[in-house]
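The values are calculated or read from the model by the stated rules, or taken from the named source; none is laboratory data. These numbers were taken from a predicted model, which means no experiment stands behind them. Glycine also receives a Cβ, built like all others from the backbone with ideal geometry; neighbour counts cover every protein chain displayed. Only protein heavy atoms, including side chains, enter the accessible area calculation; ligands, DNA and RNA are left aside. Shrake-Rupley method; radii C 1.70, N 1.55, O 1.52, S 1.80 Å.
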Amino acid sequence: MTPTTLPPVLVTRRLAPGVLDRLAAGCDVTLHDDDLPMPRAELLKAVQGRAAVVATLDDRLDGEFLDAAGPGLRIVANHAVGHHNVDLAACAARGVLVSNTPGVLTAATADMAWALLLAATRRLGEGERLLRSGRPWAWAPNFMLGVELAGTPLGILGMGRIGRAVARRAAAFDMPVSYHNRTRLPEADEAGARWRSLDELLAESAVLVVTCPLSAATRHLMDAERIGRLPSGAVLVSMTAGVVDETALAAALDSGALFAAAVDNFEREPEVPAALLAQDRAVLAPHLGSATVRTRQAMGNLAVDNVLAVLAGGQPVTPVA
């Protein structure tokens, strides 16, 4: 590469408006200008010879990908907080740095968790479908009764940035908050949230919000047995694909063990299990947690910041450990 040659960068997905301007000013950018993921064969071909890649969770960044890229690849910048799509050991072995986009999507995702929680507890999806169907209806004292939140115990599984933001919003609804995390967090305790063992949390949580990241240890952590430990008539809100067993979740709704559930993203997106689609008490969203203009621009700009920092000879702004 001569001094005047711009470093080649692959961007695997169309990003929010304006995000690529700074990257394009100093890099030779190849953009997969689509809202759908790159097919695997196309991705492996497009990454050849790149110095950096801005990727999304749908891109599997493993040894095969890194070998296709070649020795010139210096950083993969994940346009996400999660990084379960990245083989960190393979990257480290090849000297490829990895970054993500933490922090900037916390508020939007916590807001979405509450939107889903409210929709599930007050049966908004059912009510809207009823009205749109044109079927006769009438107000009645026992018509479409939901769950009142004031005083209802809220459990949070995973007390990272998003979990803490969900907990802060609970004060507006007068809900006592308990949480389970790998480590007890003094800042959460000081804010009034109570640490519980996983067993204790499940037994107490009339409403459970799952925000812990997906890993080998947390995959299907909420399986049929653990979902069954929730109080009868509980509501479960899932904000992380793969942590809640979707088949077990549908079965718990079908049996009436859960009052309702809400899911923002799915283990095999864009596929949604038919068993969940059939559940009237399931509120299902197409991965909208961070889907605001401001947040998606912030995520894209942070991914670009990471790429530019590394290509300039520095370290990522937000490296994945």
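Quick notes on this one:
- Computed about its Cα centre, the charge dipole of the stretch 155-252 is approximately 280 debye, with only Lys, Arg, Asp and Glu carrying charge at their Cβ.
- Tilt relative to the chain, helix 106-121 - C-alpha long axis, 0 to 90 degrees, to 10: 30
- Surface share of carbon and sulfur [accessible, 1.4 angstrom probe, percent] for the stretch 1-134: 56
- Kirkwood radius for the stretch 186-321, taken over all pairs of different Cα atoms as the inverse mean of 1/r, rounds to 17.0 Å.
- Computed across the stretch 1-152, the Kirkwood radius stands at 18.9 Å (inverse of mean 1/r, all Cα pairs).
- With Cα atoms, 0 to 90° folded angle of helix 161-170 axis to the chain main axis: 30
- Centre-to-centre, using Cα atoms only, the stretch 5-38 and the stretch 201-217 are separated by 36 Å.
- Heavy-atom accessible surface of the stretch 176-321: percent carbon and sulfur, 1.4 Å: 54
- Ellipticity at 222 nm from helices only: DSSP H runs of n ≥ 4 in the chain, each -39500 (n - 2.57), divided by the residue count, give -9500 deg cm²/dmol.
- Projecting the Cα atoms of V293, A274, G127 onto the charge dipole of the chain (Cβ charges, centred on the Cα centre) puts V293 farthest toward the positive pole.
- Surface exposure of the stretch 2-151, expressed per residue as accessible area with a 1.4 Å probe, stands at 50 Å².
- C-alpha long axis of helix 124-133 to longest principal axis of the chain, angle in °: 80
- When nucleic acids and ligands are ignored and a 1.4 Å probe is applied, F266 ends up with an accessible area of around 20 Å².
- Each peptide among 36-42, 256-262 gets the average number of other Cβ atoms lying within 10 Å of its residues, and from highest to lowest they stand as 256-262, 36-42.
- Length-normalised contact order for the chain - Cα pairs under 8 Å, 6+ apart - percent: 19
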